[in-house]
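The values are calculated or read from the model by the stated rules, or taken from the named source; none is laboratory data. Keep in mind the model is a prediction, meaning the values are calculated, not measured. Cβ atoms come from the backbone with ideal geometry, glycine included; neighbour counts cover every protein chain shown.
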Protein chains: 2
Amino acid sequence: MHQTFDAALEINLLHANQEGADHNRAHFDDWGITCFNVMSSPGAGKTALLERTLAALTHDLTIAVIEGDMTTELDADRLRQYGVPVIAINTGRSCHLDSKMVSGGIHRLAHEYNPAEFDLVFVENVGNLVCPAEFEVGEHAKVALLSITEGDDKPLKYPVMFQEADCLLLTKMDLAPHLDIDVEQIVANVRQINTHVPILPVSAKTGAGLEDWFHWVRAQVHLRQSQPSLSGVL
Amino acid sequence: MHQTFDAALEINLLHANQEGADHNRAHFDDWGITCFNVMSSPGAGKTALLERTLAALTHDLTIAVIEGDMTTELDADRLRQYGVPVIAINTGRSCHLDSKMVSGGIHRLAHEYNPAEFDLVFVENVGNLVCPAEFEVGEHAKVALLSITEGDDKPLKYPVMFQEADCLLLTKMDLAPHLDIDVEQIVANVRQINTHVPILPVSAKTGAGLEDWFHWVRAQVHLRQSQPSLSGVL
């Protein structure tokens, strides 16, 4: 549940959210944690990507997940099978996580575990290509997924998500032979909105392209751990 | 741009939107127009469905479209090729159409055309499986699309859309052989949320199932035109 407001109220709301996000990020920085905010339309494959990622990276990295869903713990339960802490947040009628909700998740994590032991926290947002892009939750980088089944026009029609993304995964690449889709056109449309974001084509089903994603994740974590002066700046 | 609010403010916002929706519906009723609000995740195939629908039904029915998008007129331009009036509404940062935006569209339609000549208006909402379901725009029925590429758990995870739907289309059925998806499970999950909504599996690509959809559309229009006492009640 949400509504559009006048400009002054919008600014106040975003300002309050931003303060909360900065507070969350300060916690992550104190604990040496890198945090990614993972966002996409419903069904683009965020949970499937995280399943593959946990299977591959929990040998080298200590990972936790903050899992946002309007209702149910279906996704949280899928990820718990990988032996990592998963803090589930039900947003009710809200179509996105905000920094206050994630703050609750962080404090639960810190209460139940020693947070300084974690290298990496994934925040899996509610499936929505619009609103999550506007609400920072304290992440160091925004990871957006676009399933190639959604069509090549989405970067132009939902530009905020593609402007804000620090890493973009094109998911379900295994379906490309069965779709009337031009992946080069997707890339060209992204480039109209964001000239520099890394674009990684992947398939969680076949595993294609996932090594590039894992490499990006590891590089971000190592960059932050080796250069603490970069705290707060990606 | 939107935010979650306290309960009293939510009620006021939804009440104001509902008043506007009732006003819009009174216009449609005066003009003998049936209005459908078409909603789904981004890329589930709303515009592709409407392309097929305009191609098939403009011989018997006089149709207009009110087309909501955050930005661009890409979808509006696709539908204009079918020779029908398409009123484009750019919602800016808003993730859904509300009744006030659609009121603007209705008044443009009435200014440029004789509205009493139309049988049917499709409102194509912003691609979002969460928020559009909560904001009536004056429609007589809500049409929801779920692409089978999105997974079988979506009715449970995004229940409001599936509770509110008066007709549910399962789209991209042509991809079923290439997906690890159980369509029976989708139907079972919908039935947990909504015991009676018609569920129509379709493919805009192959045309499979579209006759059932066209039949449903025609039946709704004829029902309303033959029984004016049903105005406002579906």
* **Among the candidates B:L175, B:L170, residue that is modelled with pLDDT of 95 or more and assigned to a helix (DSSP H, G or I)** => B:L175
* Asked: Is it the case that some residue within segment A:38-52 is touching a helix residue (DSSP H, G or I) at 6+ places or on another chain (Cβ under 9 Å), farther than 26 Å from B:A8 by Cα, more than 14 Å from every other protein chain (Cβ to nearest Cβ) and of a type in the set (S, T, N, Q)?
  -> no
* To do: Starting from residues that are within 24 Å of B:D69 (Cα to Cα) and not hydrophobic (A, V, I, L, M, F, W, C), keep the ones in segment A:167-185 and report whichever is nearest to the chain's Cα centre (by Cα).
  => A:T171
* To do: Would you point out which residue out of B:A188, B:A208 is in a loop (DSSP other than H, G, I, E, B) and more than 16 Å from the chain's Cα centre (by Cα)?
  => B:A208
* Single condition B:V143 does not satisfy, out of (1) outside any loop (DSSP other than H, G, I, E, B); (2) of a type in the set (A, V, I, L, M, F, W, C); (3) surrounded by fewer than 22 Cβ atoms within 10 Å (Cβ to Cβ) -> (3)
* **Residue that is nearest to A:R78 (Cα to Cα), among those in segment A:30-60 that are charged (D, E, K, R) and surrounded by fewer than 21 Cβ atoms within 10 Å (Cβ to Cβ)** => A:E51
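Test A:V197 against the criterion of being out of contact with any His (no Cβ under 9 Å at 6 or more places or on another chain), in a loop (DSSP other than H, G, I, E, B), without any contact (Cβ under 8 Å) to a residue 60 or more places away in the chain and more than 11 Å from every other protein chain (Cβ to nearest Cβ), and give yes or no.
On the way: out of contact with any His (no Cβ under 9 Å at 6 or more places or on another chain): yes; in a loop (DSSP other than H, G, I, E, B): yes; without any contact (Cβ under 8 Å) to a residue 60 or more places away in the chain: yes; more than 11 Å from every other protein chain (Cβ to nearest Cβ): yes.
Criteria met by A:V197.
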* Could you please find all residues in segment A:128-184 being within 13 Å of another protein chain (Cβ to nearest Cβ) and charged (D, E, K, R)? => A:E134, A:E150, A:D152, A:D153, A:K154, A:K157, A:E164, A:K172, A:D174, A:D180
* Structure fact -> Those residues of segment A:38-95 that are closer than 21 Å to B:P159 by Cβ, polar (S, T, N, Q) and part of a helix (DSSP H, G or I) come to a total of 1
* Taking interchain pairs and intrachain pairs at least six residues apart, which have beta carbon atoms under 8 angstrom, with the first residue in segment B:49-72 and free of Cβ contacts under 8 Å to residues at least 60 places away in the same chain and the second basic (K, R)? -> B:D69/A:K157; B:M70/A:K157; B:M70/B:R93; B:T71/A:K157; B:T72/A:K157
* To do: Give the residues of segment A:146-183 that are among the charged types (D, E, K, R) and more than 19 Å from A:W213 (Cα to Cα), sorted by residue number.
  => A:E150, A:D152, A:D153, A:K154, A:K157, A:D180, A:D182
* Structure fact -> If we ask which residues in segment B:90-100 are surrounded by fewer than 22 Cβ atoms within 10 Å (Cβ to Cβ) and either within 15 Å of the chain's Cα centre (by Cα) or among the small types (G, A, S) (or both), their number turns out to be 1
* Can you tell me which residues in segment B:157-188 are of a type in the set (D, E, K, R) and out of contact with any Lys or Arg (no Cβ under 9 Å at 6 or more places or on another chain)? -> B:K157, B:D182, B:E184
* **Close pairs (6 angstrom Cβ cut-off, 6 or more residues apart or separate chains): surrounded by 13 or more Cβ atoms within 10 Å (Cβ to Cβ) in segment A:206-220, of a type outside the set (G, A, S) and assigned to a loop (DSSP other than H, G, I, E, B) anywhere** => A:G209/A:V202; A:L210/A:V202; A:W213/A:V202
* Structure fact -> Residues in segment A:7-37 that are in contact with a helix residue (DSSP H, G or I) (Cβ under 6 Å, 6 or more places away or on another chain), farther than 26 Å from B:P42 by Cβ and within 14 Å of chain B (Cβ to nearest Cβ) total 1
* Return yes or no: is A:E10 part of a helix (DSSP H, G or I) and closer than 20 Å to A:A133 by Cβ? => yes
* To do: Write out, first by first residue and then by second, each pair whose Cβ atoms fall under 9 Å of each other, whose residues are 6+ apart or on separate chains, and whose first residue, in segment A:73-92, is within 18 Å of A:H107 (Cβ to Cβ) and away from every other protein chain (no Cβ under 14 Å) while the second is assigned to a loop (DSSP other than H, G, I, E, B) and of a type outside the set (V, I, T).
  => A:P85/A:Y113; A:P85/A:F118; A:V86/A:E73
